[in-house]
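Worksheet: one structure, shown below.
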Amino acid sequence: MNKVLIPVDGSSNALLALKHAVNVYGKDAHTEIHICNVQPKLYFHIGKYFSKKDIYEWQAERAKCAAQSAVEFLERAGVNFSFTYVSGDKGEALRDEAERLGCGRIVIGFAKKNTLSRLFENSTTAKLLEISNIPVEVVTGKSIPTLERWGTPALGAGAATALVAAVID
């Protein structure tokens, strides 16, 4: 049995990886596709005000919303699949879930970024490639927009400078 884990988060890159996996592996009747969403762990200071049941329900709702487009695509494609969600560090949680399910491959979507962005960003894909013994197939998606790549930090720095100037006056 060929088992493939595909992380989904509602992004276009995750959907692109899902489409790739369905086209390559989904036609085989002996392939099981597992989609997985990773929810962040709540900080202790926040989590202590909520019951474990409330946190579990909140994370389950967020995970279902994030995976909705992937579920709709798989249902339209007529592919058998299962959906799970886990919480924790994305790279470690995905590796652990793939091992728990007995997956032979992880297919993940990745946005094209420049070298400087990759240097300062904590990438789930890079972490997964580093720690996983399971083969990881990376499907490259679209480049992130120039405004998002350079404009957002510049706008933030400009706004902060304007705020400091206003406070000084």
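The values are calculated or read from the model by the stated rules, or taken from the named source; none is laboratory data. Here the structure is a predicted model, which is why all the values come from computation and not from measurement. Cβ: placed from backbone, ideal geometry, glycine included. Neighbour counts: every protein chain shown. Quick note on the areas: whole protein, heavy atoms, side chains included, nothing else; ligands and nucleic acids left out. Shrake-Rupley method; radii C 1.70, N 1.55, O 1.52, S 1.80 Å.
Hey, among the residues in segment 58-92 that are over 19 Å from residue 12 (Cβ atoms) and either among the polar types (S, T, N, Q) or in contact with a Phe, Trp or Tyr (Cβ under 6 Å, 6 or more places away or on another chain) (or both), which one's most open to solvent (accessible area, probe 1.4 Å)? Among them, the one singled out is 80. I'd like to know if segment 46-56 contains one or more residues that are outside any helix (DSSP H, G or I), more than 17 Å from the chain's Cα centre (by Cα) and surrounded by 10 or more Cβ atoms within 10 Å (Cβ to Cβ). For segment 46-56, residues outside any helix (DSSP H, G or I), more than 17 Å from the chain's Cα centre (by Cα) and surrounded by 10 or more Cβ atoms within 10 Å (Cβ to Cβ): present.
Within segment 1-36, can you find the residues that are in a loop (DSSP other than H, G, I, E, B) and charged (D, E, K, R)? Within segment 1-36, 9, 27, 28 meet the criteria.
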